[in-house]
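Take a look at the structure below.
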Amino acid sequence: MREEIGGNWAREPQLWTEQLNSVRGLNLRFLDLASAGADHWQAAHSSGGTLLSVGDANLLASLSMLQRAAVASCPYALFDLRFEDEAYWTSRLSQTVQYRVADEPHDEALTDFVRLAVFYAWHLACTASLAAQFLLGMSAVTVESFRTLDVNGLPALAAGEVSNLSARWSHSAAYWNALIGAAARADSQALRRIQLHGLQLAAAARLP
């Protein structure tokens, strides 16, 4: 099912195969973290979201590796770092002093993922601004803000963003229940429908 779905998305003309493969890989890594269900990862973040609800994390953990990979095969990120919050990133990236680093300790695997996600966001913004908007939900203004960053500043920036990591649309239980449920049933048609619904959620978030 993974190859079938991945192949379908790869034929979308507005995206390159490499970009889809990258976001699928990050999605899968995020889902693996979320399914681990560490209690301190479920604590409230400053963005108000969580990695996943305990119930969804448990259901996700029950999936096979192949089923989880099918969930990850979306043409957009399933993780979020407040990318749709234009005001937040405009303020955060306009700072001239060294980026704030959170004081609380974080799991190493979680921190490593956020480093990758921030680097990926910066890379997309610098090389494919439309893809950054489509895959991550960034506004054009946020893309331009990311493009001003120097690569040497990314590690410090990422360290301060760990507490903002959440599942995208984490408050939409219907979306996540349907997404994980379709994968559990190995229902590729239902899975594709809910993945397409994610595109509608992304579009709705961009409306004024």
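The values are calculated or read from the model by the stated rules, or taken from the named source; none is laboratory data. Bear in mind the structure is a predicted one, so any value in this text is a computation, not a measurement. Virtual Cβ from ideal backbone geometry, glycine too; neighbours counted across all protein chains shown.
Take residue 44 and decide whether it is at pLDDT below 80, touching an Asp or Glu at 6+ places or on another chain (Cβ under 9 Å) and either in a loop (DSSP other than H, G, I, E, B) or not hydrophobic (A, V, I, L, M, F, W, C) (or both). Considered against the rule, which asks whether it is at pLDDT below 80, touching an Asp or Glu at 6+ places or on another chain (Cβ under 9 Å) and either in a loop (DSSP other than H, G, I, E, B) or not hydrophobic (A, V, I, L, M, F, W, C) (or both), residue 44 comes out as no. Being at pLDDT 75 or above, aliphatic (A, V, I, L, M), within 24 Å of residue 149 (Cα to Cα) and within 16 Å of the chain's Cα centre (by Cα) is the requirement here; does residue 70 meet it? When the stated conditions are applied, residue 70 does not pass them.
Determine which member of the set 55, 49 is outside any loop (DSSP other than H, G, I, E, B), touching a helix residue (DSSP H, G or I) at 6+ places or on another chain (Cβ under 9 Å) and either modelled with pLDDT under 90 or surrounded by 23 or more Cβ atoms within 10 Å (Cβ to Cβ) (or both). Only one candidate passes the filter, namely 55. Test residue 81 against the criterion of being of a type outside the set (S, T, N, Q) and at pLDDT below 90, and give yes or no. Considered against the rule, which asks whether it is of a type outside the set (S, T, N, Q) and at pLDDT below 90, residue 81 comes out as no. Against the criterion of being among the aliphatic types (A, V, I, L, M), under 16 Å from residue 162 (Cα atoms), modelled with pLDDT of 65 or more and crowded, with 17+ Cβ neighbours inside 10 Å, residue 26 qualifies.
Whenever a residue of region 62-86 is part of a loop (DSSP other than H, G, I, E, B), its partners that are surrounded by 19 or more Cβ atoms within 10 Å (Cβ to Cβ) and of a type in the set (Asp, Glu), lying with C-beta atoms within less than 8 angstrom and at least six residues away or across chains, give the pairs 81/161. Scanning region 124-146 for residues that are free of Cβ contacts under 8 Å to residues at least 24 places away in the same chain and more than 17 Å from the chain's Cα centre (by Cα) returns 126, 127, 140, 144.
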